[in-house]
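The values are calculated or read from the model by the stated rules, or taken from the named source; none is laboratory data. Because the structure is a prediction, the values reported are computed rather than measured. Note that each Cβ is placed from the backbone with ideal geometry, even for glycine, and that neighbours are counted across all protein chains shown. Protein only, heavy atoms only, side chains kept; ligands, DNA and RNA dropped before computing areas. Shrake-Rupley method; radii C 1.70, N 1.55, O 1.52, S 1.80 Å.
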Amino acid sequence: MSEQVNNDYFEEIFNNVEVFSEQLPDEIEPTKKKRSITVIQIPNSIIKNKNISVNAFAVYVYLKCKSFRERDDKIHLKLDHKEMRVELGMKKDNRPLIAAFQNLYQNGLIKEEVLKMPIHSPLNITLLKIEHEPFTQLPIELIGKIPIIKSYGLKLLYYYESFINRKQFLRQFAFPCFETIQEDTGLNHNTINKYNKLLVENKLLKIDKHKVEQGDFGFEKWNNHYFVLWDKMIN
């Protein structure tokens, strides 16, 4: 995808769009309001915190989504943990979900320490407020794709998007080196490759190889360009 084509692609997504509560960049001002896009904003400090597990990250995005859907910015949530497992593509075993909540608690993102799941009552969770800081946003429709792309794919999409400045229309891609991706996410080489491939197959990510330099002993060094495909998330 050329830079000019990518610019057109970006404009095609956001032209004639109305945005709810959590807003897209100020410079995107629709003239005709034909459809609505809701975005879920996640602080960059959470996206790039490798101490937050991928399952915990997915649960946090889910909690932000549920909070937004309350329409009054509630941080006290009553959750159906069985429904939550299904929406996040988790197994029937509660242990991964409990471990994710424990991880969020240990990182100061929720108030309650969840040790077990309630049987006949909702799970009560309080999201702790985070001071204003840089954030990254993606369409709320991405939540519905988690059973397909898994928590790893969700984390990687938010990670790549966090590098993209949507104000710079001629460079709508991320280009962290592979070592940086591993360091920031805590994911190993094989896992990143596996879920990059899955995201590409599901047309949520486009990867262009970009040769940076000729390395030692004649080996070429490549630095991928990662295009996060918003249009495939909302359509």
A 1.4 Å probe over the protein heavy atoms gives segment 86-235 a carbon and sulfur accessible-area percentage of 53 percent
Note to self: with every protein chain in place and a 1.4 Å probe, segment 162-203 gives an accessible area per residue in Å² of 58 Å²
Note, segment 142-151: 3J(HN,Hα) by Karplus (6.51, -1.76, 1.60, θ = phi - 60°), whole Hz, Gly/Pro = x, goes 4, 4, x, 9, 4, x, 8, 8, 6, 4
Expected sort for 201-209, 37-45 on mean C-beta neighbours within 10 Å, highest first, is 37-45, 201-209
Sorted by chain and number, the residues with a modelled amide H under 5 Å from that of Leu79, at a separation of 5 or more or across chains, are Leu123, Asn124, Ile125
Whole-Hz Karplus couplings 3J(HN,Hα) for segment 97-113, θ = phi - 60° and coefficients 6.51, -1.76, 1.60, Gly and Pro as x, run 5, 4, 4, 5, 5, 4, 4, 5, 5, 5, 9, x, 9, 9, 7, 8, 8
For segment 155-167, in residue order, the Karplus 3J(HN,Hα) values (coefficients 6.51, -1.76, 1.60; θ = phi - 60°; whole Hz; Gly and Pro = x) are 4, 5, 5, 5, 5, 4, 4, 5, 8, 8, 9, 5, 7
The long-range amide H neighbours of Ile164, using H built 1.01 Å from N in the peptide plane and a cut-off of under 5 Å, are none
Heavy-atom accessible area with a 1.4 angstrom probe orders Asp80, Asp93, Asp184, most exposed first, as Asp80, Asp93, Asp184
Taking alpha-carbon centroids only, segment 117-153 lies from segment 40-112 a number of Å equal to 4 Å
With a Förster distance of 25 angstrom and the Cβ-Cβ distance between Val200 and Gln106, calculated FRET efficiency to the nearest 0.05 equals 0.15
accessible surface per residue for segment 46-106, probe 1.4 Å, DNA/RNA/ligands not counted, whole Å² -> 53 Å²
From most to least accessible, 1.4 Å probe, no ligand or DNA/RNA atoms counted, Arg166, Arg171 line up as Arg171, Arg166
